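Working notes for the structure below.
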Amino acid sequence: MTASAGRPRIGERRRPGATTRDEILDAAAELFTVGGFTATSTRAVADAVGVRQASLYNHFDSKDAILAALLSGTVEPPLHFARTVCERTTDPVTRVHALAWFDARHLSSGRWNLGALYLLPELRANRFDAFRARRRELRELYTDLATDAVRVIGRLPADDAVAPTMPFRLVESVIAARWDDDPAVGNGAVAVADAAVRALGAADLPPDLRRSSAALVGDLATADARTVPGDGTQGAQEHGQERAG
């Protein structure tokens, strides 16, 4: 059957997602990470979804807007988790461990490794200022929580300027592991969280740390992180897209 002029869908549904917008984000994530952002046109994204290019523009006004939505969707869940976990526990070590666990799992569980787009020159343009500001906010939250954990652990100088930056960097190492097709990446989130705490001076992990973190990650990931306030990028969040560096 030939589609009528006003029908947006050309054929059968081809992508995962509850809405056409979700499908567009999934298709763009694949094409941007596999074929490159510059080389991918909005027509190619529309074709991958099975909609007309004009229909795509009902959801996004440009290719940059699609990329911005994907990137925003990758950083909002860990930002929300970081704030919420601080309300759920006062222990700085548990906060760092749980955040690193959640974030590393978030980075490693998406269908497409959007972290591979971290070095895109386009991301340095002013039009992506909002994403860079949100990522910077996340990095600073990590550093603040890690600084508190260093003081509690007490094995490093309280004014150590390097150690508190390590948890964020260790979590983002998942991006490179996915790029290298490391088979351990799928089950390595808790190991990354352990390493993040050890980088802050903990030679031995507190006895119940993993259990406490697991409870927070499981609870908040299902209850809170899916209700992230944001800019309409819920589709990317719910499909577990990765944060771009």
When residues of the range 89-125 are limited to those that are more than 21 Å from S173 (Cβ to Cβ) and modelled with pLDDT under 95, the one surrounded by the fewest Cβ atoms within 10 Å (Cβ to Cβ)
P121
Can you confirm whether the range 47-58 contains a residue that is in contact with a Pro (Cβ under 7 Å, 6 or more places away or on another chain) and within 30 Å of R210 (Cα to Cα)?
no
With respect to the numbered conditions (1) modelled with pLDDT of 95 or more; (2) open to solvent by less than 50 Å² (accessible area, probe 1.4 Å), which one is the sole condition not fulfilled by D148?
(2)
Out of the residues in the range 1-41 meeting the condition of being farther than 25 Å from W179 by Cα, modelled with pLDDT of 80 or more and not in a loop (DSSP other than H, G, I, E, B), tell me which one is nearest to the chain's Cα centre (by Cα).
R21
Which one of the conditions (1) on the phi > 0 side of the Ramachandran plot; (2) modelled with pLDDT of 95 or more; (3) not hydrophobic (A, V, I, L, M, F, W, C) does R198 fail to meet, given that it meets all the rest?
(1)
Taking the condition of being surrounded by fewer than 19 Cβ atoms within 10 Å (Cβ to Cβ) and outside any helix (DSSP H, G or I), how many residues in the range 189-215 meet it?
7
How many of the residues making up the range 151-176 are under 16 Å from A195 (Cα atoms), part of a helix (DSSP H, G or I), open to solvent by 50 Å² or more (accessible area, probe 1.4 Å) and among the charged types (D, E, K, R)?
1
Which residues, counting only those in the range 57-82, are in a helix (DSSP H, G or I), open to solvent by 30 Å² or more (accessible area, probe 1.4 Å) and touching a residue at least 40 places away in the same chain (Cβ under 8 Å)?
D64, A68, H80
For the range 95-104, indicate whether the set of residues that are β-branched (V, I, T) and touching a residue at least 40 places away in the same chain (Cβ under 8 Å) is non-empty.
yes
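The values are calculated or read from the model by the stated rules, or taken from the named source; none is laboratory data. For clarity, every value in this text was computed on a predicted model and none was experimentally measured. All Cβ positions, even for glycine, are placed from backbone atoms using ideal geometry, and neighbour counts span all protein chains on display. Side chains are part of the model used for accessible areas, which takes the heavy atoms of the whole protein and leaves out ligands, DNA and RNA. Shrake-Rupley method; radii C 1.70, N 1.55, O 1.52, S 1.80 Å.
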